[in-house]
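One structure below.
The values are calculated or read from the model by the stated rules, or taken from the named source; none is laboratory data. Keep in mind that what you see is a predicted model, and the values were worked out from it rather than measured. Every residue, glycine among them, receives a Cβ derived from its backbone with ideal geometry; neighbour counts consider all protein chains shown. Just the protein is used for accessible areas: all its heavy atoms, side chains included, with ligands, DNA and RNA removed. Shrake-Rupley method; radii C 1.70, N 1.55, O 1.52, S 1.80 Å.
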Amino acid sequence: MNLSIQSVRGMNDILPGEAEVWEHFEETVRSWLRSYGYRPMRLPIVEPTPLFTRAIGEVTDIVEKEMYSFIDSLNGEPLTLRPEGTAGCVRAVIQHKMAAQHAQRLYYFGPMFRHERPQKGRFRQFNQVGVETFGFSGPDIDAEQILMGARLWDDLGVDGIKLQLNTLGQMDERANHRSELINYFEKNADLLDDEAKRRLYTNPLRLLDSKNPAMQEMIATAPNLIDHLGAQSMAHFEGVQQVLRDAGLPYTINPRLVRGLDYYNLTVFEWVTDRLGAQGTVCAGGRYDGLVEQLGGKPTPACGFAMGVERLLTLIRESGGEPVLEGIDVYLVHQGDAASRLAPRVAEGLRDRGIDVLFHCGGGSFKSQMKKADASGASFAVIIGDDEANAGEVSLKPLRASGDRPNEQKQEQKRVPIDRIADEIMNSFLDWEET
């Protein structure tokens, strides 16, 4: 018995209809990014495995449990499907000496891969929009990226997304906090779960991010990193907050916000919602000034964030902001030898004028073709029979009322000379816009 092959669990098909919603989302995001001067780049899906072990940190869930890694059978090179985008972007900036040219504002779209248990808002292949800057050291760029998020939620028509903010200080400040944190957790070792005990001496900061209810009271009284920050780190954090206050953007300082990746310093932030269950973070990022040097480049200040596309689309639907997708302009119906020879030329002529045309293929009667034209969502049917073809004309039939007003009658079908058909359609569109 032949068994049908299914998609990999947690790696989903995006079918027509849904894919068009994705395209509308991507167009909105690209327009938003252009308005802030960010430029696109396209990055490989597969990177050398050491890129992620060095950037993310070997003692993290991503590297230890979630990466899709393999050995290239042709040359023995260890490779990984990218679990996140920042490391690859930094690699590209170093490789092409982009930061040496001038400060950079960059963005990218694309799939990421993590071997997690699929659930609402979490997939093994998921898509992100990544936004990165290089060469800006002040708090103004941190604040800009946070304000960008607030504008995007408004552009997308989603609400209920709240900003959480924290600072991780610098490496030496975290080292002092780390020692105090380890000492604190050692004194409370009987309250730690197995995962916390495993991380205690390798990544104790992540214990603060534990979701174990039994540990929350103990975590709540753990030493705060902010108490170990020097004047320079605090001034940077205050600079970010001042811009947000001036902009009237509300936020909450969350001292337990540590982010899941090792490369962050100073400002970290998350945009969160309570409408996606446990997967409540829709956008997260912060500053990572040491990562470029860590991956072999010259010291370069950097800041960025990433957004989960699937989670945002879910929020858009729940907020009633899903776009009404426009139908095709013209469905071209044709029957007869002379008509079938003329029809492709008519279709191409309309496309030359910027009119979208769905050309009927597969034959069939005028009646069956018109049913498909009605179902296509097209604004017009252009109909060509042998009579029209021999007369150098086509029939134009509006398939919806003027301006889509339900109480208005559709215009009657009429014959139009071929060289006037594009003007006739475009003038009708203008009339509809005016009404």
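Key figures for this structure:
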{"quantity": "For region 149-216: relative contact order, % (alpha-carbon pairs under 8 angstrom, 6 or more apart)", "calculated": "22 percent"}
{"quantity": "Rg to Rh quotient for region 179-242, alpha carbon positions, Kirkwood Rh", "calculated": "1.07"}
{"quantity": "Cα centroid separation, region 268-339 to region 1-34 (Å)", "calculated": "12 Å"}
{"quantity": "Å² per residue, accessible surface of region 172-247 at 1.4 Å", "calculated": "55 Å²"}
{"quantity": "Nearest-ten-degree value, helix 86-95 long axis tilted from longest Cα axis of the chain", "calculated": "90 degrees"}
{"quantity": "All lysines inside 19 Å of LYS397 as judged from Cα atoms, apart from same-chain residues fewer than 8 positions distant", "calculated": "LYS367, LYS371, LYS372, LYS410, LYS414"}
{"quantity": "Three-way shape call for region 215-314 based on the alpha-carbon gyration tensor, with the a/c threshold at 1.5", "calculated": "rounded"}
{"quantity": "Rounded, prolate or oblate (a/c below 1.5 giving rounded, otherwise prolate when a/b exceeds b/c) for the chain by Cα gyration tensor", "calculated": "prolate"}
{"quantity": "Between helix 171-187 and the chain: long-axis angle, C-alpha atoms, 0 to 90°, nearest 10", "calculated": "70 degrees"}
{"quantity": "Rounded to the nearest 10 Å², the accessible area of TYR251 at probe 1.4 Å", "calculated": "60 Å²"}
{"quantity": "Nearest 10 degrees, 0 to 90: helix 309-318 Cα axis against the chain principal axis", "calculated": "70 degrees"}
{"quantity": "The chain: most fluctuating residue of GLU18, GLU116, GLU173 per GNM, C-alpha cutoff 10 Å", "calculated": "GLU18"}
{"quantity": "GNM top mover of ILE56, ILE328, ILE14 - the chain, alpha-carbon springs below 10 Å", "calculated": "ILE328"}
{"quantity": "Å³ per residue enclosed by the Cα convex hull of region 126-182", "calculated": "160 Å³"}
{"quantity": "Net charge of Cβ neighbours under 13 Å - reference ARG151; Lys, Arg +1; Asp, Glu -1", "calculated": "-2"}
{"quantity": "Gyration tensor (alpha-carbon) shape descriptor, region 14-124, a/c threshold 1.5", "calculated": "oblate"}
{"quantity": "Heavy-atom SASA rank of CYS303, CYS361 (probe 1.4 Å, accessible area, largest first)", "calculated": "CYS361, CYS303"}
{"quantity": "GNM result for the chain, Cα springs below 10 Å: residue of ALA235, ALA378, ALA284 fluctuating most strongly", "calculated": "ALA378"}
{"quantity": "Sulfur and carbon atoms: percent of accessible area, region 223-342 [1.4 Å]", "calculated": "50 percent"}
